[in-house]
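K.L.:
The structure follows.
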Amino acid sequence: VGTIIHSISQTQLAYLNPGILGVNTDGTIAFVHTLPPSTPLDTFLATLTSNNTPTIRHLPAHTLLLPGFIDTHIHAPQYPFSGTGYTLPLLTWLTTYTFPHERRFSSLSYAETIYKRVVAKSLRCGTTTAAWYGTIHTPATILLARTCVEMGQRALVGKVCMDRNGGDGYVENSAEQSCEDTIEFIRGVRQLGSELVQPILTPRFAVSCTKELLASISSLSDSENLRIQTHCAENIQECTLVESLFHLPYVQAYHSCGILGPKTILAHCIHLNDSDRELLSRTQTSISHCPVSNFALSSGICNVRALLDAGISVGLGTDVAGGWSTNLLTAIRNALIASRVLSMRDGTVPLSLEEGVYMATLGGAKTLGLDAQTGNFVNGKYFDAILVDLDACADGRRDHFASRSVDVFEGEGPQECFEKFLFLGDERNVVEVFVAGRRVFCVDE
Ligand code: GUN
Ligand code: FE
């Protein structure tokens with residue numbers, strides 16, 4: 001029982017104050033209501049049909065119960081160098097920092113160290129669902145999936161496929177080898193036996209995948225009923241290179257290999273024209289918008305409004321380590337800034353706060369095809385949630401106002417608290433994290 005806020009559509013947030021949310025023992029949501037002002041809690045509870053006596057928890061003032069964040073695009077092996085090297089454009093950034101670093105994940109012990117840290121950090125930031133890229137290494141990427149299962153994060157995990165242009169030796173031997181390893185990877189993830197974590201096909205991008213590999217991945221997607229994640233139209237030089245490799249514009253190159261469709265998530269999609277957007281819309285392809293990365297690598301500013309207007313599903317991604325922050329709050333802020341810059345320049349309608357929150361939660365769930373399970377608080381969906389405490393302090397001293405990331409003043413209600421969390425908050429304010437009803441992080445433990 002407390003203040004509950006969640007997206008109910010792209011443009012609408014529901015504020016339940018006070019709200020009451022029930023969780024079944026199987027981790028699904030039993031009910032969500034606003035408590036009528038004149039109804040005592042006992043009277044309300046008596047109206048519930050369940051015979052079981054619920055355990056009731058009252059949330060204190062200045063706390064908010066929110067759906068967990070959904071990171072639709074993040075590279076686990078790149079976490080160690082996040083926050084460094086943002087001087088190079090994409091293609092040289094990849095060959096200078098990324099590929100040499102990803103090569104190190106041939107070592108399972110190195111993978112274990114990094115993957116434990118990055119999954120813990122992601123959960124700590126309130127990300128209850130993530131779409132992860134691993135590396136080309138099957139054992140290390142199965143270990144990433146196992147780490148998500150053990151730590152309790154809902155996840156799609158992909159072994160990266162790349163059969164060309166890997167720079168200094170970071171490449172698979174052939175399209176066939178890449179597919180064989182991918183099949184082994186899928187088997188490995190399915191053997192973990194967790195409903196929370198599913199494999200996803202992950203061809204890196206058109207520069208590092210041959211037509212043959214992309215076409216095989218498309219068939220695998222059909223035969224194994226798997227989603228596909230890749231990058232698209234992130235950087236101008238990348239687009240030019242893809243056109244010269246495929247003799248087609250980027251989006252059409254993917255379409256010609258059967259990559260587009262309702263099970264596909266393309267990251268970035270900055271440099272598109274109307275006919276590209278029309279093709280993505282017609283094929284029901286989804287997009288992961290990664291504004292922090294787009295600023296860090298000077299890739300460009302994605303016109304999210306045009307994507308939404310075209311009817312394309314858009315979620316938010318951190319794109320660590322192209323993006324410097326593992327926290328979706330940073331992605332929400334940068335998405336709002338990016339769209340305001342476009343609005344000031346071109347007069348497009350900027351994204352609203354509601355749309356920013358939607359893309360980080362329910363919109364992200366739609367983008368990943370997981371909106372029947374998660375994204376907001378609806379009966380039957382899983383309880384994937386974060387408890388936010390606006391009064392949390394960096395040094396644990398709650399009387400020490402100057403060390404708070406957010407300062408709340410008298411007379412401010414749920415709306416001010418929520419807005420302040422979005423613009424001023426950070427992971428210190430996330431005091432508990434739940435996935436499928438299980439508490440996977442608590443600041444006091
Ligand atoms: N394009 C291909 N690979 C990558 C990657 O690792 N990060 C980003 N941001 N773009 C890519
Ligand atoms: Fe990426």
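K.L.:
Taking every DSSP beta bridge with both residues inside the chain, roughly what % is antiparallel (nearest 5)? Each step should come with its number before you reach the end.
P.N.:
On the way: 25 of 54 bridges.
Bridges in the chain that DSSP calls antiparallel: roughly 45 percent.
K.L.:
Can you give me the long-range amide H partners of residue 31? Hydrogens built in the peptide plane at 1.01 Å from N, cutoff under 5 Å, separation of 5 or more residues or another chain.
P.N.:
The answer is 22.
K.L.:
Round to the nearest 10 and give me the degree value, 0 to 90, for the angle of helix 211-224's Cα axis relative to the longest principal axis of the chain.
P.N.:
Compared with the principal axis, the helix lies near 40 degrees.
K.L.:
So, in nm, how far is label residue 34 from label residue 183 when the simple model puts each one 7 Å beyond its Cα toward the Cβ?
P.N.:
5.6
K.L.:
Quick one: Karplus J couplings for the stretch 199-206, per residue in order, coefficients 6.51, -1.76, 1.60, θ = phi - 60°, nearest Hz, x for Gly and Pro?
P.N.:
x, 9, 6, 9, x, 4, 5, 5
K.L.:
Determine ³J(HN,Hα), in whole Hz, for all residues of the stretch 289-299 in sequence, where each value follows from phi through the Karplus function 6.51 cos²θ - 1.76 cosθ + 1.60 and θ = phi - 60°; x replaces Gly and Pro.
P.N.:
8, 10, x, 5, 4, 5, 6, 4, 9, 6, 7
K.L.:
Follow-up question, since we're still on this one. Within 10 Å, count the other beta carbons around each residue, average over each peptide in 186-194, 353-361, and list them highest first. Before the final figure, lay out each step's value.
P.N.:
Details: 186-194: 16.0, 353-361: 24.7.
Highest-to-lowest ranking by the protection proxy: 353-361, 186-194.
K.L.:
Where does helix 328-346 land angle-wise versus the long Cα axis of the chain, in degrees 0 to 90, nearest 10?
P.N.:
70
K.L.:
Can you compute the FRET efficiency between residue 12 and residue 402 using 1/(1 + (r/R0)^6), with r the Cβ-Cβ distance and R0 = 41 Å? Round to the nearest 0.05. Write out the running numbers ahead of the final one.
P.N.:
Working: r = 36 Å, r/R0 = 0.87.
The value I calculate is 0.70.
K.L.:
Just to be sure I understand the model, the point goes 7 Å from the Cα along the line to the Cβ. What's the resulting residue 278 to residue 346 distance in nm?
P.N.:
For residue 278 paired with residue 346, the spin-label model returns 1.7 nm.
K.L.:
If one takes the longest principal axis of the Cα atoms in the chain, at what angle in degrees, from 0 to 90 and to the nearest 10, does the Cα axis of helix 138-151 lie?
P.N.:
0
K.L.:
Further, regarding this structure: Given the Cα atoms of the stretch 393-445, and with Rh set as the inverse mean 1/r over their pairs in the Kirkwood sense, what is Rg to Rh to two decimals? If you can, show how the numbers build up before the last one.
P.N.:
Details: Rg = 12.7 Å, Rh = 12.5 Å.
Across the stretch 393-445, the Cα-based Rg/Rh ratio is 1.02.
K.L.:
Convert each backbone phi in the stretch 17-26 into a coupling constant with the Karplus relation 6.51 cos²θ - 1.76 cosθ + 1.60 (shift: θ = phi - 60°), then list the ³J(HN,Hα) values in order as whole Hz, x for Gly and Pro.
P.N.:
Result, rounded to whole Hz: 9, x, x, 10, 10, x, 10, 6, 5, 7.
K.L.:
So how do 15, 382 line up by other beta-carbon neighbours within 10 Å, fewest first?
P.N.:
Numbers: 15 15, 382 27.
With the sparsest Cβ surroundings first, the list reads 15, 382.
K.L.:
Please compute, over every Cα-Cα pair in the stretch 215-325, the percentage with a separation greater than 18 angstrom.
P.N.:
Details: 2888 of 6105 pairs.
Every Cα pair in the stretch 215-325 considered, those over 18 Å come to 47 percent.
K.L.:
Which value at 222 nm does the chain reach when only helices count, each DSSP H run of 4 or more adding -39,500 (n - 2.57), with the total divided by all residues and rounded to the nearest 500 deg cm²/dmol? Don't jump to the answer; show the numbers that get you there.
P.N.:
Working: 16 runs with 160 residues, N = 445.
That calculation yields -10500 deg cm²/dmol at 222 nm.
K.L.:
Rg and Dmax in Å for the stretch 70-367, alpha carbons only: what are they?
P.N.:
17.4, 51
K.L.:
Given the peptides 123-131, 138-146, arrange them by the average over their residues of other C-beta atoms within 10 Å, most packed first. Before the final figure, lay out each step's value.
P.N.:
Details: 123-131: 26.4, 138-146: 23.3.
The peptides rank, most packed first, as 123-131, 138-146.
Every read-out reported here was derived from the displayed coordinates using simple, explicitly stated rules and does not represent laboratory data. Fair warning: this is a prediction, and the values are worked out from it, not measured in the lab. Neighbour counts are summed over all protein chains in view; Cβ atoms, including those assigned to glycine, are modelled from backbone coordinates with ideal geometry.
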